[in-house]
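Written out below as structure tokens is the structure these notes cover.
The values are calculated or read from the model by the stated rules, or taken from the named source; none is laboratory data. Quick caveat, the model's predicted, so the values are computed rather than measured. Cβ placement follows ideal geometry from the backbone for every residue including glycine, while neighbour counts extend to all protein chains displayed. Protein only, heavy atoms only, side chains kept; ligands, DNA and RNA dropped before computing areas. Shrake-Rupley method; radii C 1.70, N 1.55, O 1.52, S 1.80 Å.
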Amino acid sequence: MLPMLDERQTRIYLASEAQSIGWGGQTKIASLSGKSRFLIARGEKELLDTSIQAASRDIRRKGGGRKKETDRQAGLAAKIKQIIDSHTVGYPERLLLWTSKSVRHIQDSLKQSGYKISHETIRRILSSEGYSLQTNRKVKEGGDHVVDRDAQFEYISHTAKSFIGVNQPVISVDCKKKELIGSYKNSGREWQAVKNPVAVNVYDFVDKTNGKASPYGVYDIANNKGFISVGISKDTSEFAVATIRRWWNEEGKDLYKYAENLYITADGGGSNGSRNRLWKMQLQAFANETGLNICVSHFPPGTSKWNKIEHRLFSYISMNWRGKPLESLLVILGLIGATTTKTGLRVKAVLDEKQYETGIK
């Protein structure tokens, strides 16, 4: 039974067995159990003294066990805080300014200050003081503060709602990161047999035979549908509008049979940039073909992540193909087309083999 009991239960159990034997019980039970007579005597005291039984159910009495390192070594916790904060005022050494703040580096710094402590104890102290391992967080948009930034977002939101309210199409467009085609490492992890990872190229040199894939996307906000055109050429404004045109011909005009207007939200740069003249010219040509009144709102600089297509379409595509080498265009199209969510997202992927020229004035 002893392996299943904690310290206090062991004392009480052995004491009860010793009392059942009577005279010489302590000696006999100590011999059989391998425990000391002092431990059994403590257990008998706890059995007889009702005040001890009622006072606490702790395994050890209050104050038992080794003292904490922060109690034994005065100022230890404060010293650790001082070391890990590289911007502490009045701390001339700043030992970890140019090194990683690992617990072993902190341990070395503490040893130089006369403290004796293990790296695991440092880890526990940091945790108890409210510290944890943190990554960098992207929250600084950069650039000058724009006074009417909130008003710009409110305008885009209000306009999109007004279009959707009268069953007019609202789409979010953007080009996803270009992807290398071939046996290259793709970020993320997938379940595989133990010690049998998928083998890929060591270096990410571009394979001139396969090249890169440029997935340009159209996200229908009202219907939660995605349309991705995978190009094998450059991400130009002509390619961007060609994708919108293809979405309209294959899906849009059937979903919005009575549409007279089209509202597009896009980033402020790239092939669909606010200052890109070819983008505007191609949109005008598309408007002339379809008879649609096209309205475009560009997100302010540094806020492209707020574009709906980023977190409602592209992020799910990245999760779906994580850990899978994009070995061919067929694989890319299959993985994009198989992307779904529990909220009803459906994606159609098509291939655009046209070569789009750059440098058009």
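So here's what we get for this one:
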read-out: Within region 45-88, helices (runs of 4 or more DSSP H) holding 1 or more residues that are under 30 Å from residue 117 (Cβ atoms), within 42 Å of the chain's Cα centre (by Cα) and modelled with pLDDT of 60 or more; value: 69-72, 76-84
read-out: Among the residues listed as 208, 195, the single one being on the phi > 0 side of the Ramachandran plot, open to solvent by 50 Å² or more (accessible area, probe 1.4 Å) and at pLDDT below 95; value: 195
read-out: Number of positions in region 114-155 that are surrounded by 10 or more Cβ atoms within 10 Å (Cβ to Cβ), of a type in the set (S, T, N, Q) and either at pLDDT below 85 or assigned to a helix (DSSP H, G or I) (or both); value: 4
read-out: Verdict on residue 183 being open to solvent by less than 80 Å² (accessible area, probe 1.4 Å) and assigned to a helix (DSSP H, G or I); value: no
read-out: Selection count, region 317-328, where residues are in a helix (DSSP H, G or I) and surrounded by 18 or more Cβ atoms within 10 Å (Cβ to Cβ); value: 1
read-out: Residue tally, condition part of a helix (DSSP H, G or I) and open to solvent by 80 Å² or more (accessible area, probe 1.4 Å), over region 251-260; value: 2
read-out: Residue match in region 341-349 (condition: open to solvent by less than 60 Å² (accessible area, probe 1.4 Å), over 22 Å from residue 215 (Cβ atoms) and not basic (Lys, Arg)); value: no
read-out: Pick from region 261-275, criterion over 16 Å from residue 247 (Cβ atoms) and touching a residue at least 24 places away in the same chain (Cβ under 8 Å), ranking: least open to solvent (accessible area, probe 1.4 Å); value: 273
read-out: Top-ranked residue of region 281-302 - restricted to ones that are crowded, with 17+ Cβ neighbours inside 10 Å and in a loop (DSSP other than H, G, I, E, B), ranked as modelled with the highest pLDDT; value: 292
read-out: Condition met for residue 278 (within 20 Å of residue 250 (Cα to Cα), touching a residue at least 12 places away in the same chain (Cβ under 8 Å), part of a helix (DSSP H, G or I) and open to solvent by less than 40 Å² (accessible area, probe 1.4 Å)); value: no
read-out: Single unsatisfied condition, residue 238 versus (1) assigned to a loop (DSSP other than H, G, I, E, B); (2) open to solvent by 20 Å² or more (accessible area, probe 1.4 Å); value: (1)
read-out: The one condition in (1) open to solvent by less than 50 Å² (accessible area, probe 1.4 Å); (2) under 25 Å from residue 207 (Cα atoms); (3) in contact (Cβ under 8 Å) with a residue 40 or more places away in the chain; (4) among the hydrophobic types (A, V, I, L, M, F, W, C) that residue 248 fails to fulfil; value: (2)
read-out: Residue check for residue 322: over 22 Å from residue 167 (Cβ atoms) and either touching a His at 6+ places or on another chain (Cβ under 6 Å) or in contact (Cβ under 8 Å) with a residue 60 or more places away in the chain (or both); value: yes
